[in-house]
Amino acid sequence: MAVTIRDAISTARATIEEHFGEQIGSELLLEEFRFDERKGLWNVTFGYDRTYFVGGDDDAGELKTERVYKSVEINRADGTVGAVKIRPVAAVA
């Protein structure tokens, strides 16, 4: 039975939480999804805020927050995760 978009979203969320959970500084939000007919893959993207220190140790450094987007490729036929990628964000002019 083919994987539905609901199943793909659940699988993508679980995969990101399992492998990147310590990096997630805010709620994990569904950003976008699409189905690639040619490859038979669901592409599901979640975004979250990642907070970290820059320029020294935790006491002297500066706290930075950036939005991170993870795109998960899921095989529609069997539900396996083929890849987790950082989705690049275009600069806004």
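Protection proxy ranking for 36-47, 74-85, using the average of other Cβ atoms within 10 Å per residue and placing the highest first: 36-47, 74-85. Ranking Leu41, Gly82, Leu63 by how far each Cα lies toward the positive end of the dipole of the chain (charges on Cβ) leaves Leu41 at the top.
If I fit a long axis through the Cα atoms of helix 5-20 and take the longest principal axis of the Cα atoms of the chain, what angle between them do I get, 0 to 90°, rounded to 10? So the inclination is approximately 30 degrees.
Computed over protein heavy atoms with a 1.4 Å probe, the accessible surface of the chain works out to 68 Å² per residue.
Taking label points 7 Å from Cα along the Cα-to-Cβ direction, Glu18 and Val84 give a separation of 0.9 nm. Here the chain exposes an accessible surface that is 48 percent carbon and sulfur, computed with a 1.4 Å probe and the other protein chains kept in place. Model label sites at Ser26 and Leu63, defined 7 Å from Cα along the beta-carbon direction, differ in position by 1.4 nm.
The values are calculated or read from the model by the stated rules, or taken from the named source; none is laboratory data. Everything quoted here is computed from the prediction, not taken from an experiment. Please note: Cβ atoms are built from the backbone with ideal geometry, for glycine as well, and neighbour counts cover all protein chains shown. Keep in mind that these areas ignore ligands, DNA and RNA; they rest on the heavy atoms of the full protein, side chains included. Shrake-Rupley method; radii C 1.70, N 1.55, O 1.52, S 1.80 Å.
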